[in-house]
Amino acid sequence: MTDSPRPNGNRRTPLPPATPPETDAPRTGPPRAAGSPRADAPRTGAPRTGAPGSGAPGSGKRRDAFFDNAKYLAIVLVAIGHFWEPIKGDSRSLEAAYTVVYAFHMPAFIIVSGYFSRGFDMRPDRLRRLITGVAVPYIVFETAYPLFKRVVDSDPQQEISLLDPWYLTWFLCALVVWRLTTPIWKAVRHPLPLALGIAMLASVSPQIGDDLDLQRVLQFLPYFVLGLCMKPEHFHLVRRRSVRILSVPVFVCASALAWWAEPRMATGWFYHRDSAQELGAPWWAGPVMVLVLFACSLLLTACFFAWVPGRHMWFTALGAGTLYGYLLHGFVVKAGDYQGWFEPSVLHEPAGAVALTVFAAALMTFLCSKPVQRVFRFAMEPKMEWAFKRDAAEPARAPGRRERRGKRAEPAAGEGRETPASRETQEQVSV
């Protein structure tokens, strides 16, 4: 059998030019400039190191150093913020720093999560990954945290509820909802304004309640949708030298504004978990604050991305373990709350706050490390092959080499650049 009909004996009709199949992997560089090779031309070299979307050359499953660095640095800020929370009440300066950190660390994570969710669809292999990489950890830790409180805090009345996310698990619940709605955001004409409208409506709807922490899910939704809309060149824009220089006075001004606003504004606005009425504000303040905080968060997130290194650093590999650090450090923070570890007066002094900050960063670094990943992989990334049917189309989609009759093995389309599979290895929870 041949790949084409033979209408004239042994003469075969020429095959049409091969067109690489469209993939949902992000482009590995900015738009083609005039005079540069076509996007579909064969690639003879690896992408430039440090560009968003690129990774280690010569690998089919590569990770981008920039995004791994961003994820690690952001998760360290998450831990620092959680360790500051019990001691910040005694210091207006620490309260202001806490406010600045909370203004952008979760938006940065959510934007990256949306960026790497652009290719999500209802394909069986991606649904399996969503279940095993997000839904199952949610169930495990939504059960583990209340049991931990029962034992450590001697609280036998603590209930286990999969509908009421406890402490850190809200993000996993939100990620499941956001990813399942990704095809909708890719189909509508103006996804970001629509997402902002939904967030504004949520901010004036106290009836939403606590089920699945939908208030947070909806109010943080615009950041995820923005990530879906972003392209590699947008990250190039914020990483220019001029932006890096301008980010310094921006952070200084943001810190000064936070110090001024600290006694005048409720910190709860930055958590996005309550409506305006629940925060004691008039209903119209909800939509206004959604827009104001969205603008402020984007500005600070852009400044944060401007300072994220694009090259491979000593902590780059830790970006693959952010889910582990995110979920596990909560046990240490909660144990400190239950056992009174944050009560000593020395921790409420400047030197104690600095020491606690260093401890939080070191703890998060350890929890993102490979040994910790190996120990807790059964809960964070279970294979669960026994639970799923075999997808007959999956071998045809798997990256690798295809063999044709009478020809040697040829590289599969997309080999040598980021593929859907390689992106899925990176997107593991862009917490």
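Taking the stretch 234-248 as the range and being assigned to a helix (DSSP H, G or I) and charged (D, E, K, R) as the test, the residues that pass are R241, R244. Restricted to the stretch 158-185, and to residues there that are within 20 Å of the chain's Cα centre (by Cα) and β-branched (V, I, T), the residue that is nearest to R118 (Cα to Cα) is T182. Residue count for the stretch 268-302, restricted to those that are in a helix (DSSP H, G or I), in contact with a Ser or Thr (Cβ under 7 Å, 6 or more places away or on another chain) and of a type outside the set (A, V, I, L, M, F, W, C): 2.
Every condition in (1) surrounded by fewer than 19 Cβ atoms within 10 Å (Cβ to Cβ); (2) closer than 21 Å to Y223 by Cβ; (3) of a type in the set (S, T, Y) is met by S255 except one, and the failing one is (2).
In the stretch 303-323, how many residues are free of Cβ contacts under 8 Å to residues at least 60 places away in the same chain and assigned to a helix (DSSP H, G or I)? Give the derivation first.
We begin by selecting, within the stretch 303-323, every residue free of Cβ contacts under 8 Å to residues at least 60 places away in the same chain; these are 314, 321.
Still in the running and assigned to a helix (DSSP H, G or I): 321.
Summing the residues that are free of Cβ contacts under 8 Å to residues at least 60 places away in the same chain and assigned to a helix (DSSP H, G or I) in the stretch 303-323 gives 1.
Is there a residue being in a helix (DSSP H, G or I), under 18 Å from the mean Cα position of the chain (by Cα) and aliphatic (A, V, I, L, M) anywhere in the stretch 137-157? No, there is no match, as no residue in the stretch 137-157 is in a helix (DSSP H, G or I), under 18 Å from the mean Cα position of the chain (by Cα) and aliphatic (A, V, I, L, M). For the criterion of being closer than 30 Å to P249 by Cβ and of a type in the set (K, R), R189 fails. Checked against (1) assigned to a loop (DSSP other than H, G, I, E, B); (2) modelled with pLDDT of 90 or more, P52 meets all criteria but (2).
No other residue among I208, I198, I139 is touching a residue at least 12 places away in the same chain (Cβ under 8 Å) and under 24 Å from H82 (Cβ atoms) apart from I139. In this entry, A351 is excluded by the filter for residues that are touching a helix residue (DSSP H, G or I) at 6+ places or on another chain (Cβ under 7 Å) and in a helix (DSSP H, G or I).
The values are calculated or read from the model by the stated rules, or taken from the named source; none is laboratory data. Because the structure is predicted, anything quoted here is derived from the model rather than measured. All Cβ positions, glycine included, derive from the backbone under ideal geometry; neighbour counts span all protein chains shown.
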